[in-house]
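A.B. asks: My questions all concern the structure below.
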Amino acid sequence: MSKRLFLSAALCLGLAACGSESLDEGANLGMELRVSASAASQLGAFQVVVLKDGSRRSCADLQRTCLAGQVTSDALLMLTNGAGHQARALRFPVNLESASQALEVDVPVGRDYALVIEALSSDSPPRFLGSSCNYLREVNAGRNATLVAAPLTLAAQDCDPTLAP
Amino acid sequence: MRVGVCILGVALAVPSSARPLFPPPHFSQIGLASPEIAQARAQLDAGEFEAALKTVQAGLDAPDVTDDQLVELYRLQGLTALYLGDETLARAAYEKLLQARPDFELARSAPPKIRALFAKLKEDIKSRRLRPVTLEVDPIPDPTPGEPVVVTATIQDMALGARARLFYRRVGAQGFNSVDFSRERGAPEHYRATVPAYELPAEPTSYEVEYYFEVADAAQRRLAGRGDSYQPLVFQVMPRAVAAPAVAEDTSRPWYKSPWLWVAVGAVAIGGTAGVVALSSSGERGRVPITVRVDPQ
């Protein structure tokens, strides 16, 4: 019983901490995306997209529904994944067995970008489960400074998240 | 109080499942995912000290090693070196370890010989008898407009947690931008930074860019550098039509802005070699790693 009490208290503390943001400049890199466990069971893939003119975009608007219906392909940067595959929208199959998943994306060097991660369902065709929108001030050659992403906002929408390659 | 009790009550009502509430962190998230670390530990346990030392060195040479991994690698290197009787190497390893974790303490079960060396090293650090960080980098020749500039530098005795950066700004701008030096693959002391091409556009008239190099520790204390924000070095970006060869010197530049003067007068790290290479391609990419983590709810 005492073990359950401890775990429950820890869970409450964890829930209370949801949504907090932090900036860890000492870490090597990266971005964190938080997904609720209920959504995680439906997750099939993460779709990563980088938009030009990040400072002119409204993340609140971008997260309301699929990106595919809001931007044109010329606003998207060509990305490369670790295997050398190039596309404007890279999809990474979900593999969350260990509660975390590392992705790597090569982005053209530049500044004023918005990075959007869309959570897609495992259905066919996939459904849009929500997205995380983050401003990328600049991307330098090599490893980039730490950026902790905004938490994923769950807003499942009936839209087609497929982006033209 | 009532709310808290209510929340706890609700939480207690949640039936426990076979899966733990909080899954164990991914191995890479705790910073010790290096296969070399696991292998070196096993070799150390098996008494294969020479092999363990080579494994540790391979781990140190690997790209993208986190600070936590470096700390563990240096700990293993120090321990292995002592077993092999190489106190010089052990000392170097523990110096690096203590740079990163000044409060690091050995386990009480550590052999007296190791504890004695460790205590001596901590005293040296307190009295600042450690070797300083040295930065060897050449001034940037006037670059070709519209192309990125890659600067290479040699940094010795780099402290863990420290960052080497190239600061630059167009003359007249208020603040400096910066790019980080990143360690080159397989060459622990060789670092590289790139000024993006879009920062050096071709324009009808020439313009100057001020810059300086700096290595700073985690507390932003300057450990080494060349030039600074008050006395920066300068290169000139020529108009495209009359772009000069990269090593051409602009005779109209005031004498006090000559980078060579500041090399002679103000450099913290003296001498050394470095190269500046203008990339022929502007399609350069930067890597943005992403960690996706599920928070249980």
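The values are calculated or read from the model by the stated rules, or taken from the named source; none is laboratory data. Predicted model, so just to flag it, every value in this text is computed and none were measured. Cβ placement follows ideal geometry from the backbone for every residue including glycine, while neighbour counts extend to all protein chains displayed.
A.B. asks: Which number in (1) at pLDDT below 75; (2) under 26 Å from B:GLY225 (Cβ atoms) marks the one condition that B:THR134 misses?
C.D. replies: Unmet condition: (1).
A.B. asks: Of the numbered conditions (1) of a type in the set (A, V, I, L, M); (2) within 14 Å of another protein chain (Cβ to nearest Cβ); (3) touching a helix residue (DSSP H, G or I) at 6+ places or on another chain (Cβ under 7 Å), B:ALA202 fails exactly one; give the number of that condition.
C.D. replies: (2)
A.B. asks: Which of the residues that make up segment B:155-190 are facing another protein chain (nearest Cβ under 10 Å), of a type outside the set (Lys, Arg) and in a strand (DSSP E or B)?
C.D. replies: Hits for segment B:155-190 are B:ASN177, B:SER178, B:VAL179, B:ASP180, B:SER182, B:GLU184.
A.B. asks: Still on this model: Within segment B:201-209, is even one residue among the aliphatic types (A, V, I, L, M), touching a residue at least 12 places away in the same chain (Cβ under 8 Å) and under 15 Å from B:ALA153 (Cβ atoms)?
C.D. replies: Looking for residues that are among the aliphatic types (A, V, I, L, M), touching a residue at least 12 places away in the same chain (Cβ under 8 Å) and under 15 Å from B:ALA153 (Cβ atoms), one finds none in segment B:201-209, hence no.
Residue by residue, here is whether (1) part of a loop (DSSP other than H, G, I, E, B); (2) of a type outside the set (D, E, K, R); (3) within 14 Å of chain B (Cβ to nearest Cβ); (4) crowded, with 16+ Cβ neighbours inside 10 Å holds:
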{"position": "A:VAL48", "(1), (2), (3), (4)": "no, yes, yes, yes"}
{"position": "A:ASP61", "(1), (2), (3), (4)": "no, no, no, no"}
{"position": "A:THR65", "(1), (2), (3), (4)": "yes, yes, no, yes"}
{"position": "A:ALA83", "(1), (2), (3), (4)": "yes, yes, yes, no"}
{"position": "A:ASN95", "(1), (2), (3), (4)": "yes, yes, yes, no"}
{"position": "A:ALA102", "(1), (2), (3), (4)": "no, yes, yes, yes"}
{"position": "A:ILE117", "(1), (2), (3), (4)": "no, yes, yes, yes"}
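A.B. asks: Looking at (1) within 26 Å of B:ARG285 (Cβ to Cβ); (2) touching a strand residue (DSSP E or B) at 6+ places or on another chain (Cβ under 7 Å), which is the one condition that is false for B:ALA197?
C.D. replies: (2)
A.B. asks: Within segment B:42-92, which residues are at pLDDT 85 or above, surrounded by fewer than 17 Cβ atoms within 10 Å (Cβ to Cβ) and charged (D, E, K, R)?
C.D. replies: Answer for segment B:42-92, where residues must be at pLDDT 85 or above, surrounded by fewer than 17 Cβ atoms within 10 Å (Cβ to Cβ) and charged (D, E, K, R): B:ASP45, B:GLU48, B:GLU50, B:LYS54.
A.B. asks: Return yes or no: is B:LEU89 part of a helix (DSSP H, G or I) and within 20 Å of B:GLY186 (Cα to Cα)?
C.D. replies: It is true that B:LEU89 is part of a helix (DSSP H, G or I) and within 20 Å of B:GLY186 (Cα to Cα).
A.B. asks: Here's something else I'd like to know. It is to be established whether one or more residues within segment B:171-181 are under 20 Å from the mean Cα position of the chain (by Cα), closer than 12 Å to B:VAL237 by Cα, of a type in the set (Val, Ile, Thr) and outside the structural domain of B:VAL71 (by TED's automatic domain parsing).
C.D. replies: No, that holds for no residue.
A.B. asks: Need the failing condition index for A:VAL107 against (1) farther than 28 Å from B:PRO148 by Cβ; (2) part of a strand (DSSP E or B), just the number.
C.D. replies: (1)
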